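The values are calculated or read from the model by the stated rules, or taken from the named source; none is laboratory data. Bear in mind that the values here come from a model prediction, so they are computed numbers and not experimental data. When we count neighbours, we look across all protein chains shown, and the Cβ atoms used for this are built from the backbone with ideal geometry, even at glycine. Remember, those area values only see protein heavy atoms, side chains included, never the ligands or the DNA or RNA. Shrake-Rupley method; radii C 1.70, N 1.55, O 1.52, S 1.80 Å.
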Amino acid sequence: MADSYANLGSVYFDLKKCNDAIDKYQKSIAYYATIKPSANQAFTFYSLGLCYMEKNNFSMAESNFNKAKSIYQTIKIPNAIDLLNLQKGIV
């Protein structure tokens, strides 16, 4: 279910329907919270941050990027952290 909602959120984001994408990403995150941390969970937080950037809500964007970074550090994926640092620099 978590992956399905994340994929649906990505479709909405691609269609520039940020409010719908945010809703689906948040549902996805709720499901991910019940399982072990994963790259998909971190990417969902990252994607949610991108949605908030589109809506010019930079504090929420940064918060979600930080959550994604924390997960990537936990599961030890350093290359993804570089991408997050770039996005945080843009914010």
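Some points to look at:
- Taking the three principal axes of the alpha carbon atoms in region 29-70, the coordinate ranges are 31, 17, 12 Å, sorted in descending order.
- When you restrict to C-alpha pairs under 8 Å that are six or more residues apart and normalise by the size of the chain, the relative contact order lands at 24 percent.
- Whole-Hz ³J(HN,Hα) from phi, Karplus 6.51 cos²θ - 1.76 cosθ + 1.60, for region 2-8, glycine and proline x: 4, 5, 5, 5, 5, 5, 5
- Rounded accessible area per residue of region 14-63, 1.4 Å, Å²: 56 Å²
- Sequence ranges 55-64, 24-33, 42-51, ranked by mean other-Cβ count within 10 angstrom, highest first: 42-51, 24-33, 55-64
- Assigned charges on the beta-carbon of Lys, Arg, Asp, Glu; the chain dipole about Cα centre (debye): 160 debye
- All distinct Cα pairs of the chain go into the 1/r average, and the inverse of that average, the Kirkwood radius, is 12.7 Å.
- Helix-derived mean residue ellipticity, 222 nm - over the chain, DSSP H n ≥ 4, -39500 (n - 2.57), to 500: -26500 deg cm²/dmol
- By accessible area, using a 1.4 Å probe on protein heavy atoms only, the chain has 54% of its surface on carbon and sulfur.
- Between Leu15 and Leu83, the contour length at 0.36 nm per residue exceeds the alpha carbon distance by 22.2 nm.
- Projecting the Cα atoms of Tyr32, Tyr46, Leu15 onto the dipole axis of region 1-81, where Lys and Arg carry +1 and Asp and Glu carry -1 at the beta carbon, places Tyr32 farthest toward the positive end.
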